[in-house]
Amino acid sequence: MKGSWRIAQIAGVRLYVHWTVLILSGWFALIQMRLDDAAADNVRRLAEGTGLALMVLVCLLLHEAAHAVVAWRHGIGTQEVTLLPLGGVARLEATPEEPTQELWIALAGPAVHLAIAGGIYGLLDDQAAAMPWSALTLTGGPFLLKLMAANLALGVLNLLPAMPLDGGRVLRAVLAFGTDYAQATRVAAGLGYVLCVASAALGLFSNPLWLFVSLAVLAGAKAEAHTVQTQAALGNARVRQAMRRRLRTVTEDETLADVVGEVVAGEQLDFPVVRDERLVGMLFQKDLLRKLSDEGRSVRVSEVLRRAPALRPTQDLADACQVLRELGCTSLPVVQDGHLVGLLTLKNMAQWTTLYAALHLGSGAVHDDDEQAEQLVSLMR
Ligand SMILES: [Zn+2]
């Protein structure tokens with residue numbers, strides 16, 4: 001997502017933080033200070049606020065981890081997680097096929113905040129536990145009470161029935177039992193924009209916290225819209241449906257002269273490099289052409305090959321499209337159980353969308369391959 005930085009990779013999942021999270025954390029730490037109090041006390045309050053902000057970030061991480069774990073239990077891996085002020089966006093490797101799957105995956109996040117709030121409530125001493133609900137704020141009372149209030153707020157806000165919040169996914173899953181997935185997405189996303197405007201208004205006229213809700217919803221909604229758009233063009237197809245199965249592989253010992261003929265014929269532009277039937281890298285056309293003009297035809301493939309991540313046949317085509325976009329590749333190898341089974345190229349995907357349009361949208365929607373490829377490329381920007 002634009003405006004986010006990669007901070008870690010945990011169990012193969014790339015973790016990003018959106019800039020709005022840093023602003024919110026700073027704001028959260030700062031509002032713990034009091035303007036009318038002594039400065040010395042404010043230093044302590046700021047330290048406590050920073051600790052509190054860090055603890056809330058940990059809770060947000062646990063929230064995303066819960067999504068990832070439940071998705072994994074349903075056989076769906078997570079590629080990356082972007083932390084947003086209200087939780088985040090977890091990019092799964094495949095769209096949950098059953099509404100019940102999406103329902104459980106979505107509910108897992110807010111459930112974590114509510115469970116943490118419940119756990120803290122259990123830890124409170126009698127005096128704190130007896131405090132009236134109205135005293136429960138993000139800035140008043142002891143540390144644990146504030147952390148409980150933050151988790152309660154996060155749990156409840158995330159359950160608001162609007163995309164891209166988890167509640168929006170819950171709503172989509174529930175709607176998907178009765179209507180089709182695209183229609184359910186439109187309703188949930190539409191409510192997302194309503195929530196965005198409503199929370200911006202609330203932020204201006206009452207609690208500024210709502211401004212962050214608005215920002216978070218807007219940032220997530222754009223990412224969601226992009227995913228939905230890509231999915232609309234590619235359907236719920238998997239990589240295996242669009243990949244090229246008949247392909248020429250090369251070995252590291254071959255020279256560019258051996259390969260260049262195929263490129264000229266336009267048969268295949270990028271080549272998987274294999275050793276003992278195992279994939280060791282890719283020979284990309286752009287590398288081949290550069291090396292060819294610099295050093296000639298006798299250069300060995302081993303000097304030009306590049307390591308490239310492999311796609312899986314069961315991966316969502318829309319997701320694979322995203323991977324190609326991020327890496328700026330024209331094709332990527334498809335590997336199953338360590339064996340090369342195909343090659344997914346932009347051209348294959350364009351052909352696939354043409355077919356998909358013909359089958360699902362009628363012949364009027366069919367464009368020629370080149371136009372389709374252009375659309376696909378523009379979608380990938
Ligand atoms: Zn969530």
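Would you call G109 part of a strand (DSSP E or B), within 16 Å of the ligand (Cβ to nearest atom) and surrounded by 17 or more Cβ atoms within 10 Å (Cβ to Cβ)? For G109, the condition - part of a strand (DSSP E or B), within 16 Å of the ligand (Cβ to nearest atom) and surrounded by 17 or more Cβ atoms within 10 Å (Cβ to Cβ) - is not met. Against the numbered list (1) closer than 17 Å to V170 by Cβ; (2) surrounded by fewer than 15 Cβ atoms within 10 Å (Cβ to Cβ); (3) without any contact (Cβ under 8 Å) to a residue 60 or more places away in the chain, A71 comes up short only at (2). Annotation for the stretch 333-349: no member residue is over 25 Å from L288 (Cα atoms), of a type in the set (S, T, N, Q) and under 21 Å from the mean Cα position of the chain (by Cα).
The single condition among (1) modelled with pLDDT under 85; (2) part of a helix (DSSP H, G or I) that L171 does not satisfy is (1). From G77, G118, which residue is modelled with pLDDT under 85 and on the phi < 0 side of the Ramachandran plot? That would be G77, the only listed residue that is modelled with pLDDT under 85 and on the phi < 0 side of the Ramachandran plot.
Within the stretch 186-216, the set of residues being touching a residue at least 40 places away in the same chain (Cβ under 8 Å) and open to solvent by less than 10 Å² (accessible area, probe 1.4 Å) comprises V213, A216. How about the stretch 314-344: which of its residues are surrounded by 17 or more Cβ atoms within 10 Å (Cβ to Cβ) and at pLDDT 85 or above? The answer is S331, L332, P333, V334, V335, L340, V341, G342, L343, L344.
Looking at the stretch 11-22 only, could you name the residues that are farther than 21 Å from A53 by Cα and either open to solvent by 90 Å² or more (accessible area, probe 1.4 Å) or part of a strand (DSSP E or B) (or both)?
Listed by number, the residues that qualify are A11, V13, R14.
Evaluating A29 against the criteria (1) open to solvent by 20 Å² or more (accessible area, probe 1.4 Å); (2) not in a strand (DSSP E or B) leaves one unmet condition, (1). Being under 18 Å from D316 (Cβ atoms), at pLDDT below 55 and not hydroxyl-bearing (S, T, Y) is a property that holds for L379.
For the stretch 259-299, which positions are assigned to a loop (DSSP other than H, G, I, E, B) and more than 22 Å from L340 (Cα to Cα)?
G296, R297, S298, V299 - these are the residues of the stretch 259-299 that are assigned to a loop (DSSP other than H, G, I, E, B) and more than 22 Å from L340 (Cα to Cα).
Here the condition is being within 19 Å of the chain's Cα centre (by Cα) and assigned to a helix (DSSP H, G or I); of L103, L145, L152, L83, it holds for L103 alone.
With respect to the conditions (1) away from the ligand (no atom under 16 Å from the Cβ); (2) within 20 Å of A71 (Cβ to Cβ); (3) touching a residue at least 60 places away in the same chain (Cβ under 8 Å); (4) not polar (S, T, N, Q), K146 falls short on a single one, namely (2).
The values are calculated or read from the model by the stated rules, or taken from the named source; none is laboratory data. This structure is a prediction, so every number in the text was calculated from the model and none was measured. As a convention, Cβ positions derive from the backbone with ideal geometry for all residues, glycine included, and neighbour counts pool all protein chains shown. Ligands, DNA and RNA are excluded from the accessible area calculation, which covers all protein heavy atoms including side chains. Shrake-Rupley method; radii C 1.70, N 1.55, O 1.52, S 1.80 Å.
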